Amino acid sequence: MYNKRPVNFAGVRGNAVLLAQQFVGEVLHKGCVAVDATAGNGYDTLFLANIVGESGRVYAFDIQQAALDITARRLKQFGLENNVKLIHDGHENMNLHIDSPVDACTFNLGYLPGGDHNSITGPSTTVKALQIALDLLKPGGRISLVVYTGHPGAGEESRAVEEMAAQLNPSLFGVLKVTFINRSLSAPFLIFIERVKKEK
Ligand code: SAH
């Protein structure tokens, strides 16, 4: 069962990632298919794998083998490695690896803290991956993006993502931007997307 404890998002390191997990977690249950587009340290992959269970499936992407190794170790620690496919490829190639519709997808952009700062997500690949994820998304499915604005190149990426999300057809997608309005302009923001349910 998804744990409905409130998410603590206050403080200077206010947790955008947990907020994003809460958003996608609400539509996930055992047997669902989920994607972590940026495995990084594996926290979102672990979260998704825990909810979808043995009968579900998680696809986790990263271009850094080191990130996938960290993610694999984390999953193993909780015995959740069996239903997760770790994919050493860019999320912009998601369509080459996933052919089933997906219930949810998380993006945590930027660079891996403690990792290679050159392996950073970029505007064109992120936008391409987001488009593929939108195409794969089931009715009622959700996508979260944690978008960072403080590092070099972040401005271009955050603008590209926001511009694309803002242009999505409102009869097909609900789109929210969530910002920490009392923090500096370099605080991360979130984009939440839900595909509308089909009319019955
Ligand atoms: N900024 C976050 C962590 C982001 S981790 C924080 O502070 O917590 C982002 C991950 O995306 C990194 O591990 C990086 O290797 C990965 N990445 C970068 N470009 C990618 C791409 N095209 N496809 C998949 N993963 C990518």
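Derivation of every value follows stated rules applied to the coordinates shown; laboratory data play no part. The shown structure was predicted, so the numbers you read here are calculated from the model rather than taken from an experiment. Glycine also receives a Cβ, built like all others from the backbone with ideal geometry; neighbour counts cover every protein chain displayed.
Quick look at the numbers
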| item | result |
| --- | --- |
| Whole-Hz couplings from phi, Karplus 6.51/-1.76/1.60, listed for the range 102-116; x for Gly and Pro | 10, 8, 7, 8, 10, 10, 10, 7, x, 10, 6, x, x, x, 7 |
| Likely footprinting exposure, Ser171, Ser144, Ser100, fewest C-beta neighbours within 10 Å first | Ser171, Ser100, Ser144 |
| Tensor-based shape of the range 129-172 (alpha-carbon gyration tensor, a/c under 1.5 rounded, otherwise prolate or oblate) | prolate |
| Alpha-carbon centroids, the range 90-108 and the range 155-200: separation in whole Å | 18 Å |
| Estimated FRET transfer efficiency when R0 is 22 angstrom, pair Glu26-Ile181 (beta carbons, to 0.05) | 0.40 |
| Proxy reagent accessibility, fewest Cβ within 10 Å first, across Arg142, Arg74 | Arg74, Arg142 |
| Length added when fully stretched, Gln65-Asn93, from 0.36 nm per residue minus Cα-Cα | 8.5 nm |
| The chain: most fluctuating residue of Leu168, Leu75, Leu48 per GNM, C-alpha cutoff 10 Å | Leu168 |
| Under-21-angstrom lysine pairs by C-alpha in the chain, whenever the two are 8 or more apart or on separate chains | 15 |
| Cα centre as origin, Lys/Arg/Asp/Glu Cβ charges: the chain dipole, Debye | 700 debye |
| Neighbour-limited loop hits for chymotrypsin sites (Phe, Trp or Tyr not before Pro), the range 57-134 (at most 11 other Cβ within 10 Å; DSSP other than H, G, I, E, B) | Phe78 |
| Under 5 Å, built H, 5+ apart or other chain: amide partners of Val35 | Tyr59, Ala104, Cys105, Thr106 |
| Three-way shape call for the range 63-190 based on the alpha-carbon gyration tensor, with the a/c threshold at 1.5 | oblate |
| Candidates Val178, Val147, Val58: whichever shows maximal mean-square fluctuation once the chain is modelled as a Gaussian network with Cα springs under 10 Å | Val178 |
| Under Karplus coefficients 6.51, -1.76 and 1.60, residue-wise ³J(HN,Hα) of the range 93-101 in Hz, glycine/proline x | 9, 3, 5, 7, 10, 10, 10, 9, x |
| Other-chain or far-sequence residues with amide H under 5 Å of Asn15's (modelled H) | Phe9, Ala10 |
| Radius 14 Å from Cβ of Gly42, net charge of other residues (Lys, Arg +1; Asp, Glu -1) | -1 |
| Whole-Hz couplings from phi, Karplus 6.51/-1.76/1.60, listed for the range 173-185; x for Gly and Pro | 9, x, 9, 10, 10, 10, 10, 7, 6, 9, 10, 5, 5 |
